[in-house]
Every structure is written in structure tokens, then in C-alpha cells.
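Dumping the structure here so I can ask a few things about it.
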Amino acid sequence: MNDIFWIIAVFLIIIVLLGNRLVNLINELSHTNKQLVATQYEVFSLLDLDKSALTSLLELAENKKLSSEEINGLMDGLIDKKNMPDIKQHISEWYTHSQNKKNIIAQKLPMLSETQQEICRLILENHSTGNIAKTLGKSLSNITCQRSKIRAKLHLKKEEDLKTVLQERIQKRI
């Protein structure tokens, strides 16, 4: 009877450990997915496209059983191939610039969470609260709440403008 108890106990411990690992992996995957969604939104903005245009293209391709040449022809209608090298260069420059901004904000405002740092980056890029919510795939109320938490962590007074203070603190410490 004692052996059965130990076998069950070990089995339960293994289940708990695997469950914790699974939860951690799901959280990591969720975080990565949110970052991809944000990047996707910004890339679509750079290309002056929206998700609905690409979704429509894919639906048309699927419904009409289009060949890859026909799909490429439709894409050419959305993006002029002559401009593709410029677009690729622009996206590459945007990505490098975006990563540099993230690193600077992380260094200068380490008391903020990664999400709060990302919100600060978007605020500094003149995004509205609604646009920030859309970019990060979060609700408007969540972004408003996070902005309040950022203000509290930075010890801002009610009359102080968040964007102005962020600009001053980032530039002052560079």
C-alpha cells in the first residue's frame, strides 16, 4: 500500500511540473504572438496596406483556385514591384530603428514592464491611445490603465504631459 502511495505521489509531482512548464510555454507563445501582431500591424502600415486587403486577396485566391502566378499578379496590383527594393529597405530601416528605440527605453526606464515600455515607444511615435490598443491587440481600457500605471511609476503630477516627460527623460539621459 505504501508503494502505491509513493507511485501516485511521484506521478502527481510529474504532472504538476509538466503542467507548470506547459503554462510557461503557453505564456511565452502568447507574448510572442502579441509581438508578431504588433509587428504585422506596423508592417502593413509601412506598406500602406491593411489586413482586410490581404485577407480578401487570400480568400479570392482560395475560392478561385488561383495559381501562384495569378496570386503574384494580384499582389502586383497591391504592391508595385518596382518599389519592392525601396519597401524592403524601408522595412529594414524601420525594424532597426524600432529595436534601437526599444533598447533605449528599456535602458532608461527599467522600472516599467516590457508592455509599458512598448506603450511608451508608441506614445513617443505619436500614436493615439486607440491606435496603441489596436497595435498591441489590447483593449482601450487596458491601455488607459497601463498609461496610469506608467504615470504612477514615473511619479508624474496630473498636469504633466506623459509624452513630454518621456521625451525629456529619454533625451536627458542619452
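The values are calculated or read from the model by the stated rules, or taken from the named source; none is laboratory data. Computed from a predicted structure; not experimentally measured. Glycine also receives a Cβ, built like all others from the backbone with ideal geometry; neighbour counts cover every protein chain displayed. Quick note on the areas: whole protein, heavy atoms, side chains included, nothing else; ligands and nucleic acids left out. Shrake-Rupley method; radii C 1.70, N 1.55, O 1.52, S 1.80 Å.
Please specify each residue of segment 1-15 satisfying the condition of being of a type in the set (A, V, I, L, M) and exposed (fewer than 10 other Cβ atoms within 10 Å of the Cβ).
Hits for segment 1-15 are MET1, ILE4.
Here's a check for you: in segment 136-174, which residue that is farther than 18 Å from ASN100 by Cβ, touching a helix residue (DSSP H, G or I) at 6+ places or on another chain (Cβ under 8 Å) and among the polar types (S, T, N, Q) is least open to solvent (accessible area, probe 1.4 Å)?
GLN146
With respect to ILE104, is the statement that it is open to solvent by less than 40 Å² (accessible area, probe 1.4 Å) and either over 23 Å from VAL37 (Cβ atoms) or assigned to a helix (DSSP H, G or I) (or both) true?
No, not satisfied.
Also, quick follow-up: Among the numbered criteria (1) open to solvent by less than 80 Å² (accessible area, probe 1.4 Å); (2) modelled with pLDDT under 65, which single criterion is violated by LYS51?
(1)
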